[in-house]
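The structure appears below as C-alpha cells.
Every number here is computed from the coordinates shown, using simple stated rules; none is lab data. No experiment lies behind these values; they were computed from the predicted model shown.
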Amino acid sequence: MDNLDIVRLEYAVDGLRHNLKSVKKNVNELINREEESKMREQKRDPILWALAIIGVIAAVAAIAYGVYRYFTPDYFEDYDDDYDDRFDDDFFDDEEEEPKNTKED
C-alpha cells in the first residue's frame, strides 16, 4: 500500500504542477493584456484631447456666430423695401406698350 500511495501522490503532484503552469500562463496573459491596454490608452489620450479641444472651439464659434446673427440688425430688408416700389411700375409700363411695326407692306 505504501507503493500505491506514493504513485497517487506523484500523480497528484503532477496534476498540481500542470494546473500551476496553466494558472501561471493565464496570469501572464492577463498582465500582458493590461499592459497592452495601458499602452493603447496612452496612445489615444493625445488624440482624444486634440479632438475635444477642436470640438470646444467649434461649439464656442457656433454660439458666437448665433449671438452675432441674433443681435445684428438686418439692413438688407430695409434696403429691399425702399427700392422695390420704384422698379415695379417700370416693368408694367413696358408690357402695356405694343411694339411698332417698321415694315410697310
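Whole-Hz Karplus values for region 30-41 come out as 5, 5, 5, 5, 5, 5, 5, 5, 5, 5, 5, 5 Hz, taken residue by residue from phi with 6.51 cos²θ - 1.76 cosθ + 1.60 and θ = phi - 60°; glycine and proline positions read x.
Remark: the Ile53-Arg33 segment gains 4.2 nm on full extension, using 0.36 nm per residue and subtracting the alpha carbon distance.
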